[in-house]
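Notes follow once the structure below has been shown.
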Amino acid sequence: MKIALITGITGQDGAYLAEFLLKKGYFVHGVKRRASLFNTDRIDHLYQDPHESGLKFQLHYGDLTDSTNLIRIIQETQPDEIYNLAAQSHVKVSFDTPEYTANADGIGTLRVLEAVRILGMTKKTRIYQASTSELYGLVQAVPQSETTPFYPRSPYAVAKMYGYWIIVNYREAYDMYACNGILFNHESPIRGETFVTRKITRAAAKIALGLQNCLYVGNLSAQRDWGHAKDYVEAMWLMLQQEKAEDFVIATGVTTTVRDFIKMTFAELGIEVEFSGKDEYERGVIIDVDKQRAEELGLDLAALPYGQTIVKVDPKYFRPTEVDLLIGDASKAQQKLGWTPKYDLPALVKEMAISDLHLVKKDDYLQKGGFTILNYFE
Ligand code: NDP
Ligand code: GDR
């Protein structure tokens with residue numbers, strides 16, 4: 001049985017990857033940070049009681065900023081494959097916590113490589129590094145491929161740039177099987193709530209149900225190449241199954257503005273939104289409702305804020321330096337890995353919008369019924 005170790009297993013990609021590898025018959029170990037709450041919602045369905053026999057999934061407390069801990073975990077678990085997904089992954093937050101981000105995302109990658117080297121496991125263990133399209137930053141050329149020059153535009157991207165090059169360096173210096181997946185944005189119903197897609201799908205559900213008045217966002221004109229996390233974790237695995245370690249771009253090749261993502265999300269709920277104004281004065285207003293669709297989804301037509309502004313710009317969400325346009329060229333992955341995405345953007349938006357509508361309805365129902373933690377504070 002192959003053994004995998006996933007850092008960042010409690011995150012979006014960690015959860016999809018763990019599920020994927022378990023289905024492939026792997027024993028999956030995961031590194032989890034200690035937190036005051038469980039923080040395992042995304043992987044609770046995979047959890048196995050370690051007292052039971054036939055264990056194939058195990059969590060270990062650890063942190064990318066703690067090298068002795070990483071050495072111990074790697075020694076104990078003896079992984080054939082390490083997927084280094086752990087990171088402070090929020091670009092805007094990296095401007096507030098640049099030093100921590102450099103430590104976890106940059107030096108953290110070095111710690112994983114060094115642990116494998118110190119333990120003499122360079123010939124046994126293959127390493128996948130979660131690199132990012134944020135490396136391209138200030139647009140040099142589009143679509144962006146493995147040969148497009150990097151120009152990082154945030155402390156996050158600069159930290160990931162170190163991670164990228166230290167992987168290349170260890171591969172060349174010590175003949176390690178270590179590779180970078182340069183993944184463009186990928187989302188899902190379990191995407192973190194402060195990334196723009198999930199923020200939009202949650203807010204749209206709340207607005208449609210009359211539980212929120214307005215969605216406040218930053219740069220509406222930013223363009224991203226959005227795929228589905230489920231497709232992207234398969235590419236991570238494929239990268240570690242090749243004869244020779246190489247770096248790959250993973251993307252859909254289609255780019256969309258944040259503004260259009262908002263329109264698509266509301267349209268999924270039967271609500272048409274029109275934008276007007278410029279820069280921080282831009283507004284989104286509901287101009288029409290597809291009554292049949294809204295009724296199918298159980299929305300209260302009378303409560304829909306028809307004609308009202310439901311999207312506003314708050315400059316606090318602007319970034320000191322922005323990445324304006326990302327569009328990836330994944331033809332190398334298609335040729336060498338045989339990888340192509342199964343989801344397109346409309347399918348992704350639909351899945352996220354409907355999932356959040358159900359979640360918001362459920363939370364509202366539980367809260368009104370007196371079954372949430374909020375009731376302890378009343
Ligand atoms: P998430 O933010 O959802 O998950 C990040 C994971 O890293 C969480 O499990 C988090 O733990 C863990 N983590 C954070 N800091 C540390 C630390 N110091 N030590 C140990 N664990 C830590 O990110 P995604 O799943 O979306 O992304 C996975 C990786 O891929 C990240 O490295 C990200 O930068 C990169 N990436 C993501 C893309 C995307 O579009 N999703 C695109 C390209 C790259 P906790 O739950 O405790 O916070
Ligand atoms: P990104 O994702 O920075 O591309 O990093 P995010 O969803 O945060 O932003 C995408 C674009 O939307 C604009 N935007 C907003 N962003 C957020 N979060 N909140 C807002 O209100 C908002 N309004 C507009 C942003 O300015 C940006 O242009 C993600 C992360 O997963 C990284 O870890 C990963 O490396 C890259 O994708 C590829």
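Where a number appears in this text, it was derived from the coordinates with a stated rule and is not lab data. Bear in mind that the values here come from a model prediction, so they are computed numbers and not experimental data. Glycine gets a Cβ as well: all are built from the backbone with ideal geometry, and neighbour counts include every protein chain shown.
Would you work out the Kirkwood radius for the chain? I mean one over the mean of 1/r across all pairs of different Cα atoms, in Å.
Computed over Cα pairs of the chain, the Kirkwood hydrodynamic radius comes out at 21.9 Å.
With a 10 Å Cβ neighbour count serving as the proxy for reagent exposure, in which order, fewest first, do M236, M176 appear?
Going from sparsest to densest Cβ surroundings: M176, M236.
In whole Å, what is the distance between the alpha-carbon centres of segment 146-196 and segment 299-324?
That distance is 30 Å.
Indicate the helices, whole DSSP H runs only, in the chain that combine a mean Kyte-Doolittle hydropathy of -1.0 or more with a Cα extent along their long axis of 27 angstrom or more.
The qualifying helices are 155-174, 345-368.
So what are the radius of gyration and Dmax for the Cα set of segment 1-127, in Å?
Cα radius of gyration and Dmax of segment 1-127 are 14.4, 46 Å respectively.
Y26: net charge of surrounding residues, Cβ under 10 Å, Lys/Arg +1, Asp/Glu -1, itself excluded? Before the final figure, lay out the partial values.
Working: positive: K2, K23, K24, K56; negative: D80, E81.
Local charge sum for Y26: +2.
Would you work out the relative contact order for segment 124-231, in percent, from Cα pairs under 8 angstrom that are 6 or more residues apart?
26
Segment 211-361: D in µm²/s via Stokes-Einstein (Kirkwood Rh, Cα pairs, 10 °C, 1.306 mPa s)?
Approximately 90 µm²/s, per Stokes-Einstein.
Once you have a ≥ b ≥ c as the square roots of the Cα gyration tensor eigenvalues for segment 16-90, tell me rounded if a/c is under 1.5, and otherwise prolate or oblate according to whether a/b is larger than b/c.
Cα axes put segment 16-90 in the rounded bin.
Need the list of aspartates and glutamates near K23 for cross-linking: C-alpha distance under 17 angstrom, and skip anything on the same chain fewer than eight residues off.
D13, D44, D80, E81, D231, E234
Which aspartates and glutamates does K316 reach when only Cα atoms under 18 Å apart count, and residues fewer than 8 places away in its own chain are ignored?
List returned: D96, E193, D279, E280, E282, D324.
So which of K24/K362; K124/K350; K199/K244; K92/K291; K32/K92; K92/K124 end up more than 30 Å apart, counting from Cα to Cα?
K24/K362; K124/K350; K199/K244; K92/K291; K92/K124
Taking Cα pairs under 8 Å and at least six residues apart, what relative contact order does the chain come out at, in percent? Walk me through the intermediate numbers first.
Details: 743 pairs, mean separation 60.6, N = 378.
Result for the chain is 16 percent.
May I ask for the distance between the Cα centers of segment 79-108 and segment 214-228, given as a whole number of Å?
Value for the Cα centre distance between the two parts: 22 Å.
So what's the back-of-envelope 222 nm ellipticity for the chain, counting only DSSP H runs of four-plus at -39500 (n - 2.57) apiece and dividing by all residues, rounded to 500?
So the helix-based figure for the chain works out to -11000 deg cm²/dmol.
How far apart, in nanometres, would the label points at D279 and Q75 be if each is projected 7 angstrom from Cα along the Cα-to-Cβ direction?
Output for this residue pair reads 5.8 nm.
For segment 100-207, what's the radius of gyration and Dmax over Cα atoms, in angstrom?
For segment 100-207, the Cα-based Rg and Dmax read 16.5, 55 Å.
Under 1.5 on a/c is rounded, so check that first for segment 284-352, then, if it is not, pick prolate when a/b is larger than b/c and oblate when it is not; a ≥ b ≥ c are the square roots of the alpha carbon gyration tensor eigenvalues. Don't skip to the end; give the middle numbers.
Working: a/c = 4.38, a/b = 1.52, b/c = 2.88.
Oblate, since a/c reaches 1.5 and b/c is not below a/b.
Could you give the spread of the C-alpha atoms of segment 46-110 along their three principal axes, from largest to smallest, in whole angstroms?
46, 23, 18
Please report the net charge: other residues with Cβ closer than 14 Å to the Cβ of V116, K and R +1, D and E -1. Each step should come with its number before you reach the end.
Working: positive: R72, R111, R117, K123, K124, R126, R171; negative: E76, D80, E81, E114, D175.
Overall, the nearby charge balance is +2.
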